[in-house]
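Engineer: Structure provided below as structure tokens; questions to follow.
The values are calculated or read from the model by the stated rules, or taken from the named source; none is laboratory data. Because the structure is a prediction, the values reported are computed rather than measured. Glycine gets a Cβ as well: all are built from the backbone with ideal geometry, and neighbour counts include every protein chain shown.
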Amino acid sequence: MSIVKELEQRILVLDGAMGTMIQNHNLEEEHFRGERFLDHPAILKGNNDLLSITQPEIIKDIHRKYFEAGADIVETNTFSSTSIGMADYQMEILAYELNYESAKIAKEVSKEYLEKTPNQPRYVAGSIGPTNKTASMSPDVNDPGYRAITFDELVTAYKEQVNGLVDGGSDLFLVETIFDTLNAKAALYAINEIKEERGIDIPVMVSGTITDASGRTLSGQTVEAFRISMSHIPILSIGFNCALGADQLLPYVKRLANQSDLFVSAHPNAGLPNAFGAYDQSPTEMQTLIEDYLKQNAVNIIGGCCGTTPDHIRLIAEVAKKYTPRNPKLHSDV
């Protein structure tokens, strides 16, 4: 069954945090390097995406845990897998391979669970992060006209990423944690170019991030402006993730849901980080907050971002079964 048909019938559950699960393994430099990168000149600890090559069983196990918890969609371990993101580790050349291997791993696990539960389709979303550069703003306060990256450079990097995700078997694309809409537009432009070049049609999810109580993205857009900026592009869903916990994020998701004729997604953090950068919100606490999204008929896709684990997703999946999905057609006159 197509994902559109599934979304019309029920609320789909997205997985939780990849980074949180990786951190629980307490990996050291040698784990990131593996045999292949023993002599690599840069420090590799912290390059989580690289683990799809050097520690694939760890990544497989994380996907399994999320599917086991009830997730319908898992994200590939590719949040930073562009040549731009990999430049920090002197690994730009690995961009395509990282995306291919990560998508392949997730697809293998999704097939395992589809065989176990043939009546519950499982999907792999190719995770496309914002990169560590912004096309809209200068990183130098003394030179506001300077840009660290151009639109064309972003498109080139994203096309390489998208090709790898397609070849690895991704069912969807998730352009996520958007803090600069111009970066996102470059990703979407790259996706559309690959679709045309390859004659394929893979659904696209878009998820921005509200950075603070101002209710704006880092590049200054309100919820309404963000929605309008995406409105000319054929996408499956629009939503928000990261930066805020479920209670803080809900008002912005509701505003988006009230104005959009698309499916709406949300995957908030497990609360706000504590003084040590960790997330303390328990699965039960988060389930209670997420139920407000469902009671208010605000979402079609719900999951977790930073700090969330399979235990969080399990309780979210349990409560999601009790509610009917939001009907985007009710907002088709927007």
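Engineer: Just a yes or no: is a residue in segment 23-35 surrounded by fewer than 21 Cβ atoms within 10 Å (Cβ to Cβ) and under 22 Å from Asn241 (Cβ atoms)?
Structural biologist: Yes, segment 23-35 contains at least one residue that is surrounded by fewer than 21 Cβ atoms within 10 Å (Cβ to Cβ) and under 22 Å from Asn241 (Cβ atoms).
Engineer: Tell me, yes or no, whether segment 143-153 has at least one residue that is in contact (Cβ under 8 Å) with a residue 60 or more places away in the chain and surrounded by 15 or more Cβ atoms within 10 Å (Cβ to Cβ).
Structural biologist: Yes, segment 143-153 has at least one match.
Engineer: Might you let me know whether segment 246-262 holds any residue that is part of a helix (DSSP H, G or I) and aromatic (Phe, Trp, Tyr)?
Structural biologist: For segment 246-262, residues part of a helix (DSSP H, G or I) and aromatic (Phe, Trp, Tyr): present.
Engineer: Filter segment 216-242 down to residues that are in contact with a helix residue (DSSP H, G or I) (Cβ under 8 Å, 6 or more places away or on another chain), within 26 Å of Tyr279 (Cα to Cα) and of a type in the set (A, V, I, L, M) and give me whichever is modelled with the highest pLDDT.
Structural biologist: Result: Ile238.
Engineer: If I filter segment 100-140 down to residues being of a type in the set (Lys, Arg) and in contact (Cβ under 8 Å) with a residue 24 or more places away in the chain, which single residue comes out as farthest from Lys65 (Cα to Cα)?
Structural biologist: So, considering only residues that are of a type in the set (Lys, Arg) and in contact (Cβ under 8 Å) with a residue 24 or more places away in the chain, the one farthest from Lys65 (Cα to Cα) is Lys133.
Engineer: Just the residues that are more than 17 Å from the chain's Cα centre (by Cα) and in a loop (DSSP other than H, G, I, E, B), please, taken from segment 94-135.
Structural biologist: Within segment 94-135, Thr117, Pro118, Asn119, Gln120, Pro121, Lys133, Thr134, Ala135 meet the criteria.
Engineer: Something else: Restricting attention to segment 263-313, report how many residues are outside any loop (DSSP other than H, G, I, E, B), in contact (Cβ under 8 Å) with a residue 60 or more places away in the chain and closer than 23 Å to Glu6 by Cβ.
Structural biologist: The total comes to 10.
Engineer: Go through segment 54-71 and count every residue that is surrounded by fewer than 22 Cβ atoms within 10 Å (Cβ to Cβ) and either in contact (Cβ under 8 Å) with a residue 12 or more places away in the chain or over 22 Å from the mean Cα position of the chain (by Cα) (or both).
Structural biologist: Count: 10.
Engineer: Within segment 297-308, can you find the residues that are of a type outside the set (Gly, Ala, Ser) and either surrounded by fewer than 14 Cβ atoms within 10 Å (Cβ to Cβ) or in contact with a Phe, Trp or Tyr (Cβ under 9 Å, 6 or more places away or on another chain) (or both)?
Structural biologist: Asn297, Val299, Asn300, Ile301, Ile302, Cys306, Thr308
Engineer: To continue, here is another question. Take segment 177-219 and flag every residue that is of a type in the set (Ser, Thr, Tyr), surrounded by fewer than 20 Cβ atoms within 10 Å (Cβ to Cβ) and in contact with a Leu (Cβ under 7 Å, 6 or more places away or on another chain).
Structural biologist: The answer is Thr211, and nothing else.
Engineer: While we're looking at this one, here's another question. Determine which single condition Glu8 fails, assuming it passes every other condition in (1) in contact with a Phe, Trp or Tyr (Cβ under 8 Å, 6 or more places away or on another chain); (2) part of a helix (DSSP H, G or I).
Structural biologist: Of (1) in contact with a Phe, Trp or Tyr (Cβ under 8 Å, 6 or more places away or on another chain); (2) part of a helix (DSSP H, G or I), only one is false for Glu8: (1).
Engineer: Quick check on my filter: what residues within segment 163-193 are assigned to a helix (DSSP H, G or I), β-branched (Val, Ile, Thr) and in contact with a Ser or Thr (Cβ under 7 Å, 6 or more places away or on another chain)?
Structural biologist: Listed by number, the list holds a single entry, Thr181.
Engineer: Could you grab me the full set of residues in segment 67-78 that are touching a helix residue (DSSP H, G or I) at 6+ places or on another chain (Cβ under 7 Å) and either assigned to a loop (DSSP other than H, G, I, E, B) or β-branched (Val, Ile, Thr) (or both)?
Structural biologist: Scanning segment 67-78 gives Gly70, Ala71, Val74, Thr76, Asn77, Thr78.
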